[in-house]
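In what follows, a structure is listed as structure tokens, so that the remarks can point back to it.
Readers should treat all values here as calculations from the given coordinates under stated rules, not as data from a laboratory. These numbers were taken from a predicted model, which means no experiment stands behind them. Glycine also receives a Cβ, built like all others from the backbone with ideal geometry; neighbour counts cover every protein chain displayed.
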Amino acid sequence: MLNNFNNYKINKFKYYDGRNGNKICLEDEFGAKYMLKTPPVKNEKDENKYYTNGCISEHIGCLIYKSLGFKTQETKLGLYNINGKNKLCVLCKDFEINNKKLFKFAEIKNSIISSSENGFGVELSSVLEAIEEQSNIDPIKLKEFYFNMFIADAFLGNFDRHNGNWGLLLDDINKTSEIAPIYDCGSCLYPALDDEKIKEILINPEEIEARIYVFPNSILKINGQKINYFEYISSLENKDCNEALKRIGRKIDLDKINKIIDGIEEISDIRKEFYKTMLKLRKEKIIDYSLNLLSEKEGL
């Protein structure tokens with residue numbers, strides 16, 4: 001039975017920014033706040049209203065992140081009335097509670113006045129510099145988290161983990177700070193593909209391999225070029241990335257992840273097969289391959 005969010009009350013005094021669909025604040029009967037993310041419309045003039053699958057990716061991505069040991073935003077899929085039609089949307093629990101306010105890393109980075117880039121700059125060296133310079137979280141802990149997130153994003157094929165969709169929870173009253181739960185995973189798991197395109201890809205090994213080795217790339221850049229997940233991780237050039245590869249790569253449990261995917265009633269069987277196939281191959285060809293290289297390098 002699909003969740004129905006139409007009985008939630010709209011809170012018109014809180015708003016959310018960001019891309020990947022429109023967003024409104026809803027409250028349940030107990031007053032808990034949620035961000036409702038709606039499916040983006042590709043072409044407003046198209047009578048067929050093509051919607052991407054970002055809401056599905058958001059929900060499944062958060063569940064898989066949680067299976068890897070991350071603290072994640074609570075999400076659930078359900079229906080919400082948009083222009084007279086119930087559409088499949090994702091409800092994301094607001095974690096700005098008890099005086100805690102989300103500060104996106106772009107805001108933190110923007111406060112580093114010596115930085116060569118603005119807050120949304122995605123040159124990896126600049127991001128790492130800001131992690132070292134910020135004073136809210138132990139830089140060693142924050143860098144470890146960042147590369148853990150990078151490895152998980154590589155596994156999930158996230159092409160848009162910029163500085164606006166991860167951050168810190170700061171409490172100005174109690175003077176506390178913590179890393180925010182993982183959120184905004186709508187760019188994982190190839191969200192633009194419809195079921196017909198998925199069928200074509202599954203019977204074409206070249207199409208599958210392209211989506212492992214060629215794209216999606218990370219939004220992060222080195223010398224102005226986007227990082228290719230396979231090339232960067234398997235190069236073993238970054239020691240912090242290598243350590244994260246060991247921490248996260250060894251936590252990937254495909255049986256557990258497959259159960260998560262099979263439990264999503266709102267998606268088709270062909271989409272479930274596609275997700276399970278691509279995650280299995282991304283694990284084997286990016287994560288496991290790089291782990292084996294690292295084991296050989298370290299003589300293990």
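Charges at C-beta only: +1 for Lys and Arg, -1 for Asp and Glu. How large is the resulting dipole of the chain about its Cα centre, in Debye rounded to 20?
That gives the chain a dipole magnitude of about 540 debye.
For the range 217-225, take each phi angle, set θ = phi - 60°, evaluate the Karplus expression 6.51 cos²θ - 1.76 cosθ + 1.60, and give the result in whole Hz per residue in order, putting x for glycine and proline.
So the Karplus estimates, Gly and Pro as x, are 8, 6, 6, 5, 10, 10, 6, x, 10 Hz.
Taking a ≥ b ≥ c as the square roots of the eigenvalues of the Cα gyration tensor of the range 108-266, is the shape rounded (a/c under 1.5), prolate (a/b larger than b/c) or oblate?
Cα axes put the range 108-266 in the prolate bin.
If a/c stays under 1.5 just call it rounded; otherwise compare a/b with b/c (prolate if a/b is bigger, oblate if not). Do that for the range 110-160, with a ≥ b ≥ c from the square roots of the Cα gyration tensor eigenvalues.
Oblate is the answer for the range 110-160, as a/c is 1.5 or above yet b/c matches or exceeds a/b.
As a check on your grasp of the helix formula, calculate [θ] at 222 nm for the chain: sum -39500 (n - 2.57) over DSSP H runs of n ≥ 4, divide by the residue count, round to the nearest 500. Show your work: numbers first, answer last.
Numbers: 11 runs with 112 residues, N = 300.
My calculation for the chain gives -11000 deg cm²/dmol from helical runs alone.
What list of ³J(HN,Hα) values in whole Hz, one per residue of the range 123-133 in order, does the Karplus curve 6.51 cos²θ - 1.76 cosθ + 1.60 (θ = phi - 60°) give from phi, with Gly and Pro shown as x?
5, 4, 4, 6, 5, 5, 4, 5, 4, 5, 7
Put a dot 7 Å past each Cα toward the Cβ at Leu102 and Asn4; how far apart are the dots in nm?
2.8
Taking neighbour Cβ counts within 10 Å as the exposure measure, how do Ile233, Ile227 sort from fewest upward?
Ile227, Ile233
Rank the residues Val127, Val90, Val214 as a footprinting-exposure proxy: fewest other Cβ atoms within 10 Å of their Cβ go first.
Val214, Val127, Val90
Based only on other Cβ atoms within 10 Å, what is the fewest-to-most ordering of Thr72, Thr176?
Values: Thr72 19, Thr176 13.
By the 10 Å Cβ count, ascending: Thr176, Thr72.
Can you list the HN-Hα couplings for the range 257-272, worked out from phi with the Karplus curve (6.51, -1.76, 1.60; θ = phi - 60°), rounded to whole Hz and with x for Gly and Pro?
5, 4, 5, 4, 5, 5, x, 8, 5, 7, 10, 6, 5, 5, 5, 4
If you consider only alpha-carbon coordinates, what radius of gyration and Dmax does the range 84-201 have, in Å?
16.9, 54
Please find the FRET efficiency linking Glu74 to Asn118, where r is the Cβ-Cβ separation and R0 is fixed at 22 Å, and quote it to the nearest 0.05.
0.10
Averaged across orientations, what area in nm² does the convex hull of the alpha carbons in the range 214-271 project?
Over every viewing direction, the Cα hull of the range 214-271 projects on average to 5.8 nm².
Suppose R0 equals 30 Å; then what is the FRET efficiency for Asn238 and Asn204 from their Cβ-Cβ distance, rounded to the nearest 0.05?
Working: r = 33 Å, r/R0 = 1.10.
Using R0 = 30 Å, I get an efficiency of 0.35.
At a Förster distance of 30 Å, what's the computed FRET efficiency of Lys93 paired with Lys280, Cβ-Cβ distance as r, to 0.05?
Working from the Cβ atoms, E equals 0.50.
For the charge dipole of the chain, defined by +1 on Lys and Arg C-beta atoms and -1 on Asp and Glu C-beta atoms about the Cα centroid, which residue among Ile24, Ile227, Phe150 has the Cα displaced farthest towards the positive pole?
Ile24
May I ask you to derive the relative contact order of the chain, considering only C-alpha pairs under 8 Å and at least 6 residues apart, and to give it as an integer percent?
Working: 482 pairs, mean separation 52.5, N = 300.
Taking the mean separation of contacting Cα pairs over the length of the chain, I get 18 percent.
Give the long-range amide H neighbours of Thr176: residues separated by 5 or more places, or on another chain, with amide H under 5 Å away, using H modelled in the peptide plane at 1.01 Å from N.
Asp171
Set the bar at 24 Å for Cα to Cα. Now go through Lys66/Lys246; Lys85/Lys276; Lys76/Lys141; Lys251/Lys276; Lys66/Lys272; Lys71/Lys101 and name every pair that lies beyond it.
Among Lys66/Lys246; Lys85/Lys276; Lys76/Lys141; Lys251/Lys276; Lys66/Lys272; Lys71/Lys101, the Cα-Cα distance tops 24 Å for Lys85/Lys276; Lys76/Lys141.
Mind checking which of Ile252, Ala180, Leu79 is farthest towards the positive end of the chain's charge dipole, using Cβ charges of +1 (Lys, Arg) and -1 (Asp, Glu) about the Cα centre?
Among Ile252, Ala180, Leu79, the one farthest towards the positive end of the dipole of the chain is Leu79.
Please state the Cα pair-distance histogram of the chain with 10 angstrom bins from zero: what percent is in each bin?
P(r) over the chain, rounded to whole percents: 6, 26, 34, 25, 9, 1, 0.
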